[in-house]
1. Residues of the stretch 3-18 being crowded, with 16+ Cβ neighbours inside 10 Å and more than 18 Å from the chain's Cα centre (by Cα), which ones?
2. Just for the stretch 55-70: of the residues that are without any contact (Cβ under 8 Å) to a residue 60 or more places away in the chain and over 20 Å from T44 (Cα atoms), which one is surrounded by the fewest Cβ atoms within 10 Å (Cβ to Cβ)?
3. Please find, within the stretch 1-36, the residue that is modelled with the lowest pLDDT out of those that are among the small types (G, A, S), out of contact with any Lys or Arg (no Cβ under 7 Å at 6 or more places or on another chain) and in a loop (DSSP other than H, G, I, E, B).
4. Taking the condition assigned to a loop (DSSP other than H, G, I, E, B), more than 19 Å from L160 (Cα to Cα) and touching a strand residue (DSSP E or B) at 6+ places or on another chain (Cβ under 8 Å), does G39 pass?
5. Going through the stretch 134-148 one residue at a time, which ones are of a type in the set (S, T, N, Q), modelled with pLDDT under 95 and not in a helix (DSSP H, G or I)?
6. Within the stretch 195-251, considering only strands (runs of 3 or more DSSP E) that don't extend past its boundaries, which have at least 3 residues that are touching a Ser or Thr at 6+ places or on another chain (Cβ under 9 Å) and either of a type in the set (K, R) or more than 26 Å from S169 (Cα to Cα) (or both)?
7. Looking at the stretch 73-84, I want the residues that are under 15 Å from K145 (Cα atoms) and have a partner that is in a helix (DSSP H, G or I) and of a type in the set (S, T, N, Q) with Cβ atoms under 7 Å, at least 6 apart or on another chain. Which pairs are those?
Amino acid sequence: MPALSINNLNAGYEGNRVLSDINLSIVPGQICGLIGPNGSGKSTLLRSILQLGVEVSGEILICDRMLSSLSDNQKARMVSYLPQNFNPLSRLTVAETVLLGRHPYRSGWSQDSGQDLETAEKCMLETDTWDLRNRVFSNLSGGEKRLVLLASALAQEPDLLLLDEPGSSLDFKHQLNMWLLLRKLSLRGISVLVSTHEVALSGRFLDSVLVLSEGKSRAFGSPTDVFTTSILSEVFDVHLHVSQDEETRSWVIVPEMEQ
């Protein structure tokens, strides 16, 4: 049973189509990457899955259930979404921000339970934000905020995790740790759909890749199938040389200098 199945998806805003005829299936425990140039529709695809301000046609199933049949609370328990943009001026503490991820499991105005607190602590430890727990969110650096919001998304304990460029603003150490964490989550059976521009690093961790170009699917397959000189040069409109380092299994992408 796929964690996510998308069939013949068209999506856009105010009558303007951004995505056309997108098909995608992700099985439990798989990390699928979304790559493509700016404006290719990566963020729109992620927002379409939860119908967040996007006009959508086609079929979307989450854990074999039609998206339209799920209540907001059911969706919140099954899917976490970390957008590119967020409220940077929040005066909540880091711990309070992470605990927002436990909202789908509360009734009314109930207080945080022992389970909520334990889950939030675990997620902060996994994202290296535990030492920030008493800091005010708005006082953090951009990278620290991304990690805190990732912890909050994990606190929802989702079956499917949607991430929109989660590595932006992170230094190399935290980028690497983030990808290692995503692999750890996948081994628990959590499925991940992540948009990224970190092609060289992400290819080491992705199970599959969907390449978007001008709102359409240009390629879908394993990183070995998709991260090729011809595909990436065409999609990004840059002359590239693409290869894989045999020792680290990381991807090496070098622009070809014009003479």
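1. The answer is L9, N10, A11, G12, V18.
2. Looking at residues that are without any contact (Cβ under 8 Å) to a residue 60 or more places away in the chain and over 20 Å from T44 (Cα atoms), I get S69.
3. G15
4. No: the conditions fail for G39.
5. Passing the criteria: only S141.
6. Strands (runs of 3 or more DSSP E) meeting the threshold: 216-221.
7. Sorted first by the residue in the stretch 73-84, then by its partner, the pairs are Q84/S43.
The values are calculated or read from the model by the stated rules, or taken from the named source; none is laboratory data. Every value quoted in this text rests on a predicted model; they were computed, and no experiment measured them. For neighbour counting, all protein chains shown are included, and Cβ atoms are generated from backbone atoms with ideal geometry for every residue, glycine included.
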